[in-house]
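The values are calculated or read from the model by the stated rules, or taken from the named source; none is laboratory data. Keep in mind that this is a model prediction, so the values were computed, not measured. Backbone-built Cβ (ideal geometry, glycine too); neighbour counts: all protein chains shown.
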Amino acid sequence: MKASLEKNPAPMRIAASVLLVVLAVIAVLIFVGIYLIFPQDQHFNALILIGVLALVFALVAYLLESLSRDPIFQRALAWGFMGMGFAVLLLTLVFAPDPDGDVTFLTRLGGVVGVLIVLAITIVGILWRGRERASEGARRKKREAWEAQTPASAFSYSTIGTPTTPSSSSASEPPSPPASGGS
């Protein structure tokens, strides 16, 4: 069964896309539930919680990429949650009114600066990972070319002088006897 799934990835892609939709629907229900549970005067805090939770979901989706050979769906989920999280946080901190007036200008400014710092760190990580992914493709091509070659046989005369086998300084001389420690 496993070999047939590896040859035909269509069932795996269908299952992964269904899982993506299910996780997105669950996330939407959680976000709507948080927004509705908080009272009207606490919607500012609900939006901040939704933004932070979206960033946590993005991190989890990014970590789930390591469990798949083709992590396109996990990557899409991570990008979506990341965009949503940063957008909700920044828009809430800049534009959302605070009915109680508990949030001062300096608190909002500190929040915006904090979110921008996290965004800058995220962008640096994305650029670093993109460069790694590009070099990974070159390594994969070299590995595939190396694996396509027929391996050298130890019984072949052409492999005797290859650098992978150690060469002795004098193959015709017998090994010297061990030195005795006595008289």
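Is it fair to say residue 61 is touching a Gly at 6+ places or on another chain (Cβ under 7 Å), free of Cβ contacts under 8 Å to residues at least 40 places away in the same chain, buried (at least 16 other Cβ atoms within 10 Å of the Cβ) and small (Gly, Ala, Ser)? It would help to see each step written out before you state the result.
On the way: touching a Gly at 6+ places or on another chain (Cβ under 7 Å): no; free of Cβ contacts under 8 Å to residues at least 40 places away in the same chain: yes; buried (at least 16 other Cβ atoms within 10 Å of the Cβ): yes; small (Gly, Ala, Ser): yes.
Criteria not met by residue 61.
Looking at residue 83 and the list (1) without any contact (Cβ under 8 Å) to a residue 24 or more places away in the chain; (2) touching a helix residue (DSSP H, G or I) at 6+ places or on another chain (Cβ under 7 Å); (3) small (Gly, Ala, Ser), which single condition is not satisfied?
The failed condition is (2).
For the subset of region 84-109 comprising residues that are modelled with pLDDT of 95 or more and of a type outside the set (A, V, I, L, M), which member is surrounded by the fewest Cβ atoms within 10 Å (Cβ to Cβ)?
86
If we scan region 115-128, do we find a residue that is under 26 Å from residue 63 (Cβ atoms), surrounded by 12 or more Cβ atoms within 10 Å (Cβ to Cβ), without any contact (Cβ under 8 Å) to a residue 60 or more places away in the chain and aromatic (Phe, Trp, Tyr)?
No.
Got at least one residue in region 36-55 being at pLDDT below 90 and either touching a Cys at 6+ places or on another chain (Cβ under 8 Å) or hydroxyl-bearing (Ser, Thr, Tyr) (or both)?
No, every residue in region 36-55 fails to be at pLDDT below 90 and either touching a Cys at 6+ places or on another chain (Cβ under 8 Å) or hydroxyl-bearing (Ser, Thr, Tyr) (or both).
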